[in-house]
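Colleague: First, the structure itself, so that you have it in front of you.
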Amino acid sequence: MTSGSAPDAHQLRAAFIDFFAERGHAVVPSASLIPHDPTVLFTIAGMVPFKTFFVGDEVPPWPRATSVQKCFRTVDIDVVGTTLRHCTFFEMLGNFSFGDYFKSEAIPFSWQLLTEVLGIDAERLWVTVHETDDEAEQIWRDSVGVPGQRIQRLGEDNFWKMGDTGPCGPSSELFFDKGAALGEEGGPAFGGSERFVEIWNLVFMQYDRHQDGTTVDLPRPSIDTGAGLERILPVLQGVDSIFATDLFAPLIDVAQSITGRAYGEDEAVDVGLRVLADHGRAMSMLVADGVLPANEGRGYVLRRLIRRAVRRTRQLGVDALVTPRLVDAAIGVLGAPYPALAEQHGLITDVVVREEEGFLRTLATGTSILEEQLASGAGSVSGDVAFLLHDTYGFPVELTKEIADEAGVEVDLEGFEEAMDRQRSQARAAARAGKAVAGEEAYRSVLDAERQTVFVGQRPDGYSAPARVVAVLADLDPGHVGEAEIFLDRTPFYAEGGGQVGDTGTIVTETGTALVYDTVAPLPGLTSHRARVTGELFVGQDALATIDGVRRDALRRNHTGTHLLHASLRRVLGDHVRQQSSLVAPDHLRFDFSHPSGLAAEELSAVVSLANEDVLSDAEVTVVETTKAESEAMGALAFFGDKYGEQVRVVRAGPHSIELCGGTHVGALGMIGPISVVSESAIGSNKRRIEAVTGTSALDRILAREGILSEAASLLRTEPEHVPEAIDRLLERQRAAEKSLEQARGRELQSEAASLAATALGGVVVARRDGLSPDLLRNLAQSARTAAGLRAVVLGGSPDGHKAAVAVSAERNGGRGEGGAQVDAGDLVKQIAPLLGGGGGGSPEMALAGSNDPSGIDRALDEARRVLSGD
């Protein structure tokens, strides 16, 4: 690197990438913070995007690579601010070898880059190796020349593994000694953690660990290294803290400006300022990569960050919104290396501001309740209070614990969980009661006596099945006609669930017929057929259960269509799109999803196009039952708040959609037919709704729209494909006609203005003109005054018989009445407006008054005459 001033973050990134690019490494752009790997919540290391290469699932397109990878680790959220080196979002510099080179090259690479390219003092670098890795120590000592006293051996801290089985191996770490002022000597193994700071970790993947714990050599050992940009930068810039570097200093400055507190004067304040700087960066990067505030998963992590930042500012005495300025500062620092951040500046600000405003309302109520509990001297926050804060006021239990910890008070988390369990049980019972007709006790008796209903309607042709009546809950009238709930040992009827409505159809026995109008599951595993019965149905009778096949086919099309739209939305808008709820009915589908703003026309068009492309592929829809863990490994999406057991049903609908789902689906995507979106709208904060139709409903909609288009073409005397041009011509003619009309009105206005001016007395006209809008009345008054150089013109009238308007135009710079008084149009309007029963105002030259009562027009005009005459 060039000599002179200390390098900044941009120069460090470039130096690292250039070094390895010159040595044959492919430069790979940073992957998203949201990984494809389902085993991790975020991208936590530079190797995560390359995991499939390291485990052998995919063949890497290059033998060696280098990257600057965006990373986020939740483990450090509570630590951030209390040290000078921890942060949640960070950038990992890495070089990788996929069976190409190994220790003998990787180790010298790191040393050469640090000492020769970056110019770090070799005397202040320490090295650790695994206690069994003689080879690495020898390379450091003999090939690189690191003195033996600065090489230390560690145990598990220097052994890396991807999991209980699979690739693993020893690692070697490089540490920088920041000096005696920051801790005890003794090197990384025994010295102070703030003094000896890890800046680079070299992982040597050389073993394959088997299930029994034994390891064997990998045929092609690989290299995975990670150097923290935020860790190296303080070394290069000669500062002791990451927060003093150009990556954080601008955010610290903004945090000081927001809070009015100076950094470096009070450690408690400094912790808060460092939290604001870190969380401002992290929240911006997470939203930019598609994470939205939520109550679970990644969205909950983002929500925690925003709320922690807001609470810190409140502790420092700030009541104003803080997140917009933090976002601005973060984008100012990171917008250049990550252009998508700058491009989404508005979206990021909107998301965090909405979350902050919502949290402020929560914080105000929850904090007062919690403070009362803390001041009561109880010694702990009870589980019931923690639950009240969570359930009634939306106060996260983590925040309750954090505030209580600061006060030295414990929270009864066990009691909180018990209260949560009680609520869940009550909610489940209420949900069941809401769907029940006969009552839970009756349902429970059926289930206990007959066990679960076997569903046999998943097959595409599963429209009818023989069954046995196991229970009938109803009181039929003497004519054996009425409503009943019928329970069978097996059924082709799908019970409402997962957004899909229940089936309809018939149940027929020798003695009666039931017309099923709805199918529900009043208890898990029990299917209730709600029906209108003619004749008699007896327990123990054989029956033929038949669903409405045409309706079921429509439901299949709409349900699989919902999956395709979900996948297409994620492909177009990003992985932050999460299903919130859905409705799969026979005539349409409704899909609610998380997204902060309305879809642009081109975005919606792309979603529909992608979904229909999948339909045209006619790919097979496959269904497998597997374990929950295996479904996660397959990448199956599990949304909509569904509760899943150990065995789950995975539906793969073509190449882009794989979800957990218990509903009914088509056998191949071509059976869906066209997918047509009817509407897209907002249903709440960060929530959108799409309504669509498929199959014959979509065709009907297309035909109807074509009919409208043909009718429009006929009216325009053109072909359907030329309707837009014809409308443009019609609009152009309309604009020309309006212009001509406007010109004619202007001439008419000038003529009437001249007529009015001719009636002037003493340079003043006061007259009534009905049928003119306030704007036309004003224009007429101005034209009449200027036509003859009059002192003032006052016109009043009703535009429609229901409203009143008065316009006053006065000579610029001092029109005067008969009595010599200067005429101020604004003052005159205010004087006469009460007589209209309304209000008004304007400038000294032009003013308007108006009301909803035309009865006062003449009184107002009489008053104007009196004022202008000087009486």
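Colleague: Kindly indicate the residue of the range 1-49 that is at pLDDT 90 or above and polar (S, T, N, Q) and also surrounded by the most Cβ atoms within 10 Å (Cβ to Cβ) among those meeting that condition.
Modeller: If we take residues in the range 1-49 being at pLDDT 90 or above and polar (S, T, N, Q), then Thr43 is surrounded by the most Cβ atoms within 10 Å (Cβ to Cβ).
Colleague: Quick one: count up the residues across the range 62-82 that are at pLDDT 90 or above and either in a loop (DSSP other than H, G, I, E, B) or in contact with a Cys (Cβ under 7 Å, 6 or more places away or on another chain) (or both). Show your work before the answer.
Modeller: We begin by selecting, within the range 62-82, every residue at pLDDT 90 or above; these are 62-74, 77, 79-82.
From what's left, either in a loop (DSSP other than H, G, I, E, B) or in contact with a Cys (Cβ under 7 Å, 6 or more places away or on another chain) (or both): 62-63, 73, 77, 79-82.
Matching residues across the range 62-82 total 8.
Colleague: A follow-up question, please. Of all residues in the range 568-591, count the ones that are part of a helix (DSSP H, G or I), of a type in the set (A, V, I, L, M, F, W, C) and open to solvent by 10 Å² or more (accessible area, probe 1.4 Å). Don't jump to the end; show me each part of the working.
Modeller: Taking the range 568-591 and keeping what is part of a helix (DSSP H, G or I), we get 568-573.
Next, from what is left, pick out any that are of a type in the set (A, V, I, L, M, F, W, C): 569, 572-573.
With the extra rule that they be open to solvent by 10 Å² or more (accessible area, probe 1.4 Å), the set shrinks to 572-573.
Here the count works out to 2.
Colleague: Tally time: how many residues in the range 681-712 are under 20 Å from Asn558 (Cα atoms) and open to solvent by less than 40 Å² (accessible area, probe 1.4 Å)?
Modeller: So the answer is 8.
Colleague: Oh, and also: Would you confirm whether or not the range 161-175 contains a residue that is touching a helix residue (DSSP H, G or I) at 6+ places or on another chain (Cβ under 9 Å), of a type outside the set (A, V, I, L, M) and not in a strand (DSSP E or B)? Give the derivation first.
Modeller: First, the residues of the range 161-175 that are touching a helix residue (DSSP H, G or I) at 6+ places or on another chain (Cβ under 9 Å): 162, 166-167, 170-175.
Then keep just the ones that are of a type outside the set (A, V, I, L, M); that gives 166-167, 170-173, 175.
Narrowing further to those that are not in a strand (DSSP E or B): none.
No, every residue in the range 161-175 fails to be touching a helix residue (DSSP H, G or I) at 6+ places or on another chain (Cβ under 9 Å), of a type outside the set (A, V, I, L, M) and not in a strand (DSSP E or B).
Colleague: Ok, one more. Looking only at helices (runs of 4 or more DSSP H) that lie completely in the range 298-411, which have at least 3 residues being in contact with a helix residue (DSSP H, G or I) (Cβ under 7 Å, 6 or more places away or on another chain) and either under 21 Å from Gly81 (Cβ atoms) or modelled with pLDDT of 90 or more (or both)? Steps first, answer last, please.
Modeller: Numbers: elements: 323-334, 339-343, 345-375, 383-393, 397-406.
The helices (runs of 4 or more DSSP H) meeting that bar are 323-334, 345-375, 397-406.
Colleague: Do you know which residues across the range 490-516 are modelled with pLDDT under 90, over 27 Å from Thr560 (Cα atoms) and either open to solvent by 20 Å² or more (accessible area, probe 1.4 Å) or of a type in the set (Phe, Trp, Tyr) (or both)?
Modeller: Glu510, Thr511
Colleague: Next question. Mind checking whether some residue in the range 856-871 is modelled with pLDDT of 90 or more, among the acidic types (Asp, Glu) and surrounded by fewer than 16 Cβ atoms within 10 Å (Cβ to Cβ)?
Modeller: yes
Colleague: Kindly provide the set of residues from the range 184-237 that are more than 16 Å from Met47 (Cα to Cα) and among the acidic types (Asp, Glu), ordered by number.
Modeller: Glu184, Glu185, Glu194, Glu198, Asp208, Asp212, Asp217, Glu230
Colleague: Every residue in the range 514-571 that is among the β-branched types (Val, Ile, Thr) and within 30 Å of Glu441 (Cβ to Cβ), please. Before you say what the answer is, go through the steps one by one.
Modeller: Going through the range 514-571, the residues among the β-branched types (Val, Ile, Thr) turn out to be 516, 519-520, 527, 533-534, 539, 546-547, 550, 560, 562.
Those that are among the β-branched types (Val, Ile, Thr) and within 30 Å of Glu441 (Cβ to Cβ): Val516, Thr519, Val520, Thr527, Val533, Thr534, Val539, Ile547.
Colleague: Looking at Val269, Val287, Val291, can you tell me which residue is in contact (Cβ under 8 Å) with a residue 60 or more places away in the chain and assigned to a helix (DSSP H, G or I)?
Modeller: Numbers: Val269 fails: in contact (Cβ under 8 Å) with a residue 60 or more places away in the chain; Val291 fails: assigned to a helix (DSSP H, G or I).
Sole residue among the options that is in contact (Cβ under 8 Å) with a residue 60 or more places away in the chain and assigned to a helix (DSSP H, G or I): Val287.
Colleague: Can you tell me which residue is farthest from Gly497 (Cα to Cα) among those in the range 518-529 that are open to solvent by less than 10 Å² (accessible area, probe 1.4 Å), of a type in the set (A, V, I, L, M, F, W, C) and at pLDDT 90 or above? Lay out the reasoning, then the answer.
Modeller: Quick first cut of the range 518-529, residues open to solvent by less than 10 Å² (accessible area, probe 1.4 Å) only: 519-520, 522-523, 526, 528-529.
Add one more test, that the residue is of a type in the set (A, V, I, L, M, F, W, C), and what stays is 520, 523, 526.
This time we only want the ones that are at pLDDT 90 or above, so: 520, 526.
Working: Val520: 8, Leu526: 12 Å.
Step by step, filter the range 518-529, then rank; the result is Leu526.
Colleague: Regarding Glu156, is this residue among the acidic types (Asp, Glu) and either more than 22 Å from Ile17 (Cβ to Cβ) or crowded, with 22+ Cβ neighbours inside 10 Å (or both)?
Modeller: Working: among the acidic types (Asp, Glu): yes; either more than 22 Å from Ile17 (Cβ to Cβ) or crowded, with 22+ Cβ neighbours inside 10 Å (or both): yes.
So Glu156 passes the test.
Colleague: Which of the residues that make up the range 495-529 are under 17 Å from Arg468 (Cα atoms) and in contact (Cβ under 8 Å) with a residue 60 or more places away in the chain?
Modeller: Gly525, Leu526, Thr527, Ser528
Here is a yes/no grid of residues against (1) surrounded by fewer than 17 Cβ atoms within 10 Å (Cβ to Cβ); (2) modelled with pLDDT under 90; (3) over 22 Å from Arg747 (Cα atoms):
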position	(1), (2), (3)
Thr759	yes, yes, no
Ser773	yes, yes, no
Thr786	yes, yes, no
Arg791	no, yes, yes
Val794	no, no, no
Gly801	yes, yes, yes
Val823	no, yes, yes
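Colleague: Mind checking which residues of the range 132-157 are part of a loop (DSSP other than H, G, I, E, B) and hydroxyl-bearing (Ser, Thr, Tyr)? Reasoning before the result, please.
Modeller: Within the range 132-157, the subset part of a loop (DSSP other than H, G, I, E, B) is 132-133, 145-147, 155.
Within the range 132-157, just Thr132 meets the criteria.
Colleague: On to the next question. In the range 285-313, which residues are small (Gly, Ala, Ser) and closer than 22 Å to Thr362 by Cα?
Modeller: Within the range 285-313, the first condition is being small (Gly, Ala, Ser), and the residues that meet it are 288, 290, 294, 297, 299, 309.
Within the range 285-313, Ala294, Gly297, Gly299, Ala309 meet the criteria.
Colleague: Would you mind telling me which numbered condition in (1) assigned to a strand (DSSP E or B); (2) surrounded by fewer than 13 Cβ atoms within 10 Å (Cβ to Cβ) Arg652 fails?
Modeller: (2)
Colleague: Any idea which of (1) crowded, with 21+ Cβ neighbours inside 10 Å; (2) over 19 Å from the mean Cα position of the chain (by Cα) is the one Val301 doesn't satisfy?
Modeller: Looking at each condition in turn, Val301 falls short on (2).
Colleague: Can you tell which of Asp246, Asp240, Asp217 is modelled with pLDDT under 90, open to solvent by 10 Å² or more (accessible area, probe 1.4 Å) and either among the aliphatic types (A, V, I, L, M) or in a loop (DSSP other than H, G, I, E, B) (or both)? I'd like the intermediate steps shown before the answer.
Modeller: Numbers: Asp246 fails: modelled with pLDDT under 90; Asp217 fails: either among the aliphatic types (A, V, I, L, M) or in a loop (DSSP other than H, G, I, E, B) (or both).
Going through Asp246, Asp240, Asp217 in turn, just one is modelled with pLDDT under 90, open to solvent by 10 Å² or more (accessible area, probe 1.4 Å) and either among the aliphatic types (A, V, I, L, M) or in a loop (DSSP other than H, G, I, E, B) (or both): Asp240.
Colleague: Consider Arg532 carefully, then state whether it is open to solvent by 20 Å² or more (accessible area, probe 1.4 Å), within 30 Å of Val621 (Cβ to Cβ) and not in a loop (DSSP other than H, G, I, E, B).
Modeller: Working: open to solvent by 20 Å² or more (accessible area, probe 1.4 Å): yes; within 30 Å of Val621 (Cβ to Cβ): no; not in a loop (DSSP other than H, G, I, E, B): yes.
So Arg532 fails the test.
Colleague: Go through the range 172-207 residue by residue and tally those that are open to solvent by 50 Å² or more (accessible area, probe 1.4 Å) and touching a strand residue (DSSP E or B) at 6+ places or on another chain (Cβ under 6 Å).
Modeller: Within the range 172-207, residues that are open to solvent by 50 Å² or more (accessible area, probe 1.4 Å) and touching a strand residue (DSSP E or B) at 6+ places or on another chain (Cβ under 6 Å) number 2.
The values are calculated or read from the model by the stated rules, or taken from the named source; none is laboratory data. Model, not experiment: these values are computed from the prediction. So basically every Cβ, Gly included, is an ideal-geometry build from the backbone, and we count neighbours across all protein chains shown. Please note that ligands, DNA and RNA were not included when accessible areas were found on the heavy atoms of the full protein model with its side chains. Shrake-Rupley method; radii C 1.70, N 1.55, O 1.52, S 1.80 Å.
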